[in-house]
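Here's the structure we're looking at; comments come further down.
Just so you know, all these numbers are worked out from the coordinates, no wet-lab data involved. Note that the coordinates shown come from a computational prediction; the quantities given were computed from them, not determined experimentally. Here the Cβ positions follow ideal geometry from the backbone for every residue, glycine too, while neighbour counts run over all protein chains shown.
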Amino acid sequence: MTPLTAAERASAAAFIQWCARTYSRPGMKEACLAAQDRAGLNVNCLLAAVWAAEQGLALTAEDWVHLRAAIAPIEDEATRPIRALRRSIQKNQQLDPDLRGGLKRLLLYAELRAEQAVEAVLHAEVLRRGRPATVAPEANLAAYAGENCAEIEHFAAVLRDSE
């Protein structure tokens with residue numbers, strides 16, 4: 001991928017669009033959700049780690065402590081509760097199917113907006129904390145999730161294969 005221009009790097013909207021494009025690449029959605037559901041990793045943090053590397057910004061484990069703390073209020077009060085409610089409603093066979101479908105769409109929209117708020121915070125924090133360096137995405141991913149995380153290895157492999 002081509003690195004973003006300086007103006008694009010300053011724009012959280014460009015980062016949010018980059019996240020959506022990357023997530024939509026072949027196999028990425030499944031790899032992201034597997035990392036989220038099996039290892040408890042944050043999809044937006046995975047994407048931010050890759051984006052930072054592509055922009056020549058290295059992140060340390062200490063940086064990730066601050067990044068996670070910055071997004072925690074949105075995750076705790078919006079993203080995770082909305083996701084849990086959406087998944088619960090999706091499975092609830094007692095609800096009318098039309099109602100269930102409508103609620104699912106509304107909650108999916110709300111979840112997406114919460115995810116975009118997380119992405120905007122991550123964008124600003126990565127630009128604030130990242131240090132200029134030639135860094136592979138795997139290094140930023142390892143700083144985020146730890147060295148021996150099978151889901152990160154799978155995510156990185158799918159990322160490489162989807163380019």
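Structure notes:
- Scanning segment 121-160 for residues that are among the hydroxyl-bearing types (Ser, Thr, Tyr) and closer than 19 Å to GLU75 by Cβ yields a single hit, TYR144.
- Of all residues in segment 46-64, those that are closer than 13 Å to PRO132 by Cβ have Cβ atoms under 9 Å from Cβ atoms of residues that are surrounded by 21 or more Cβ atoms within 10 Å (Cβ to Cβ) and among the polar types (S, T, N, Q), 6 or more apart or on another chain, in ALA52/ASN140; ALA53/ASN140; LEU57/ASN140; ALA58/ASN140; LEU59/ASN140.
- Inside segment 150-163, residues that are within 17 Å of ASN44 (Cα to Cα) and of a type outside the set (D, E, K, R) make up a count of 6.
- For segment 52-86, the set of residues classified as outside any helix (DSSP H, G or I) and either within 15 Å of ASN42 (Cα to Cα) or not hydroxyl-bearing (Ser, Thr, Tyr) (or both) consists of GLN55, GLY56, LEU57, ALA58, LEU59, listed by residue number.
- Pick from segment 39-96, criterion surrounded by fewer than 15 Cβ atoms within 10 Å (Cβ to Cβ) and among the basic types (Lys, Arg), ranking: nearest to GLY146 (Cα to Cα): ARG80
- Residue match in segment 95-110 (condition: out of contact with any Phe, Trp or Tyr (no Cβ under 6 Å at 6 or more places or on another chain), within 20 Å of ALA35 (Cβ to Cβ) and among the charged types (D, E, K, R)): no
- Top-ranked residue in segment 104-119 [being among the hydrophobic types (A, V, I, L, M, F, W, C) and surrounded by 18 or more Cβ atoms within 10 Å (Cβ to Cβ); ranked as farthest from ARG68 (Cα to Cα)]: LEU107
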